[in-house]
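Just so it is clear, none of the values below were taken in a lab; they were calculated from the coordinates. Since the model is a prediction, treat every value here as computed from it, not as a measurement.
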Amino acid sequence: MRNGTIPTLATVAAAMAVLAGCAGIPASDPRDPWENWNRPVQTFNDRVDDYVMKPVARGYRWITPGFVDAGISNFFSNVADIRVFINDALQGKFQQAGMDAARFLVNTTAGIAGWFDPASSIDLPKHHEDFDQTLGYWGVPTGPYLVLPLLGPSSPRGVVGLIGDTAANPISYTGLFTNSSVLSQAISGGLGGLNAADLRADNLETEKIASEAAVDRYGFFRGAYFSQRNYLVNDGNVTDDDLLHLDETEEKLSPVNPY
């Protein structure tokens, strides 16, 4: 994706709420043949979110000063730029790959391991590419909607993309630098947990808008998932008959802090 703003799943769901108001979304969808599995899994995920992730996110936000929160977000964003660079190259976006490599180098050095984001100030904006997008770029279909336990909305293509994203994440290899498997698991698990808490804290208000406006929360998030994937795979060049007109809704949702 070429611009610096990524519409997240909860943001897209909130946009659907803005556009559709309280109009219901049909429960059945030809893209969702596994609905009998997906709905109970989403219910399970919602309970985990209510009783674990939201309290953790609120506590994280309460104890974390704003500049520290921003630094943590910048750090994980900088790590993700490695994955972005790889997928730029796999999609043949070599000019963007060069920009993202330069962005990573600038933020890792001048930005002190990514804690700050000076690259955005010198015309090296943040891009968003992942392995799911790369597969879609080369024509691999999304496949049926699939809700994964704890991980949330996905698809068969998304599962394969998730494996690729994990392999491209340097945090997955922290164990190579320690002689203790317990220590390596603690480091990688701690970093993963910190990233999850940071993302969830940044998305508290957005998810609340979507949940309160949706008649069928499951249907909203299903539609949001497919719209987000379509938007990203096509670099924002969605057709007029797409489910959402994201350029219009981003302005309406501008006060909301996305992932």
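Enumerate the amide H contacts of Asp216 below 5 Å, restricted to partners 5 or more residues apart or on another chain; note that Pro and chain-start residues carry no placed amide H.
Ile25
Throw me the Rg/Rh for segment 39-126, computed over C-alpha atoms with Kirkwood Rh, two decimals.
Over the Cα atoms of segment 39-126, Rg/Rh equals 1.14.
Report the percentage of all Cα-Cα pairs in segment 97-193 whose separation exceeds 23 Å, rounded to a whole percent. Kindly include the intermediate steps, with their values, before the conclusion.
Details: 2191 of 4656 pairs.
When every Cα pair of segment 97-193 is considered, 47 percent fall beyond 23 Å.
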